[in-house]
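S.K.: First, the structure itself, so that you have it in front of you.
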Amino acid sequence: MSLDHLLAHNRAWAAQMVRERPSFFTNLKNQQKPKYMWIGCSDSRVPANQITGLEPGEVFVHRNVANVVVHSDLNALSTVQYAVDMLNVEHVIVCGHYGCGGVQAALDNARIGLADNWIRHIQDVRDRYRKPLEGALVTQRLDMLCELNVIEQVVNLCQTTVLKDAWLRSHSITVHGWIYGVSDGLVHDLDMSVQGAAGLELARERAVAQVLSKNRR
Ligand code: CO
């Protein structure tokens, strides 16, 4: 099947941008200076730029199944290192979403294929919080694990050499944990904001406590 409609849309979009803001693309040509890095799920319903109102040039994006930060993932680590050390982003946002298929598969022990090995990282999160998850209503478990997964991926990110070294250099950078509702388009801040290695454990404790109290109501 031809993808002409996508290319036609692209030409119309580029022409409209130039009409409305003639220097838009020429300003972007030489350099990107985003203040934000986004680590999100590959899910087609969670487009970083659109839901935050950010334009080309404003957010540096890494996406994978279920927004996981794995300590040995050279793809994610390289992207984070470039964003932090070269682009000097001020904020890194880990954004999960409710109804995440990767998190659901982790919860259900579903066998998908190769991705099972990736999803195993989310099962580590599930196992860490096995008791509170089992204590929650079945209908709330997925939301709960989606939120806990964001918190634990923020922890993983903060424990990378990239972030630790940046903070050692007194580089001002904040890591945030957010979650997005695909059914209402709204982002929720999970109050998991970390500005330095010293604050990490307390931030995790507080954010986890909030998740557990919310989901038990
Ligand atoms: Co997802």
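The values are calculated or read from the model by the stated rules, or taken from the named source; none is laboratory data. Computed from a predicted model, the values in this text were never measured in an experiment. Methodologically, a virtual Cβ is constructed for each residue, glycine included, from the backbone with ideal geometry; neighbour enumeration extends over all protein chains shown. Each accessible area value is taken on the protein alone, full model and side chains, heavy atoms only, with ligands, DNA and RNA left out. Shrake-Rupley method; radii C 1.70, N 1.55, O 1.52, S 1.80 Å.
S.K.: Can you tell me which residue in the stretch 19-40 is nearest to the chain's Cα centre (by Cα), limited to those that are in a helix (DSSP H, G or I) and at pLDDT below 95?
M.R.: Going residue by residue through the stretch 19-40, those that are in a helix (DSSP H, G or I) are 19-20, 24-29.
Restricting the remaining residues to those that are at pLDDT below 95 gives 24-29.
On the way: Phe24: 27, Phe25: 27, Thr26: 29, Asn27: 28, Leu28: 24, Lys29: 27 Å.
My answer is Leu28.
S.K.: May I pose another question? Can we say Leu114 is assigned by TED's automatic domain parsing to the domain that holds Ala166, modelled with pLDDT under 95 and farther than 24 Å from Leu212 by Cβ? Lay out the reasoning, then the answer.
M.R.: On the way: assigned by TED's automatic domain parsing to the domain that holds Ala166: yes; modelled with pLDDT under 95: yes; farther than 24 Å from Leu212 by Cβ: yes.
Judged against the criteria, Leu114 is a match.
S.K.: Evaluate the stretch 139-146: report whether one residue or more is under 13 Å from Val92 (Cβ atoms), in a helix (DSSP H, G or I) and in the same structural domain as Arg63 (by TED's automatic domain parsing).
M.R.: Pass one, the stretch 139-146, residues under 13 Å from Val92 (Cβ atoms): none.
The answer is no; no qualifying residue exists.
S.K.: Of the numbered conditions (1) of a type in the set (D, E, K, R); (2) under 17 Å from Lys164 (Cα atoms); (3) not in a helix (DSSP H, G or I), Arg111 satisfies every one except a single condition; which is it?
M.R.: Among (1) of a type in the set (D, E, K, R); (2) under 17 Å from Lys164 (Cα atoms); (3) not in a helix (DSSP H, G or I), Arg111 violates only (2).
S.K.: Which pairs do you get when a residue that is in the same structural domain as Ser172 (by TED's automatic domain parsing) and open to solvent by less than 10 Å² (accessible area, probe 1.4 Å), found in the stretch 88-101, comes within reach of a residue that is of a type in the set (Gly, Ala, Ser) and away from the ligand (no atom under 12 Å from the Cβ), reach meaning Cβ atoms under 6 angstrom, with the pair 6+ apart or on two chains?
M.R.: Sorted first by the residue in the stretch 88-101, then by its partner, the pairs are Val89/Ala83; Val94/Gly177.
S.K.: Restricting attention to the stretch 63-76, and to residues there that are open to solvent by 40 Å² or more (accessible area, probe 1.4 Å) and aliphatic (A, V, I, L, M), which single residue is farthest from Ala105 (Cα to Cα)?
M.R.: Step one: list which residues in the stretch 63-76 are open to solvent by 40 Å² or more (accessible area, probe 1.4 Å), which gives 63, 65, 71-72, 74-75.
Pick out the ones that are also aliphatic (A, V, I, L, M) and you get 65, 74.
Working: Val65: 11, Leu74: 24 Å.
Out of the qualifying residues, it is Leu74.
S.K.: Gln104 is checked against (1) under 18 Å from the mean Cα position of the chain (by Cα); (2) buried (at least 16 other Cβ atoms within 10 Å of the Cβ); (3) in contact (Cβ under 8 Å) with a residue 60 or more places away in the chain and fails just one. What number does that condition carry?
M.R.: (3)
S.K.: Of the conditions (1) touching a residue at least 60 places away in the same chain (Cβ under 8 Å); (2) under 24 Å from Trp38 (Cβ atoms), Ala136 satisfies every one except a single condition; which number is it?
M.R.: Failing condition for Ala136: (2).
S.K.: If you go through the stretch 41-74, how many residues are within 16 Å of the ligand (Cβ to nearest atom), assigned to a strand (DSSP E or B) and without any contact (Cβ under 8 Å) to a residue 60 or more places away in the chain?
M.R.: Selection size over the stretch 41-74: 4.
So that you can scan it fast, the table gives a plain yes or no per residue for (1) in the same structural domain as Ser44 (by TED's automatic domain parsing); (2) assigned to a strand (DSSP E or B); (3) open to solvent by less than 30 Å² (accessible area, probe 1.4 Å):
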residue	(1), (2), (3)
Val162	yes, no, yes
Gly177	yes, yes, yes
Asp191	yes, no, no
Val208	yes, no, yes
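S.K.: I want to confirm something. Restricting to the stretch 16-40 and keeping residues that are open to solvent by less than 50 Å² (accessible area, probe 1.4 Å) and away from the ligand (no atom under 16 Å from the Cβ), which single residue is nearest to Asp189 (Cα to Cα)? Step through it out loud before you land on a result.
M.R.: Initial filter on the stretch 16-40 (open to solvent by less than 50 Å² (accessible area, probe 1.4 Å)): 17, 24, 34, 37-40.
From the residues that got through so far, the ones that are away from the ligand (no atom under 16 Å from the Cβ) too are 17, 24, 34, 37.
Details: Met17: 32, Phe24: 31, Pro34: 21, Met37: 16 Å.
The qualifying residue nearest to Asp189 (Cα to Cα) is Met37.
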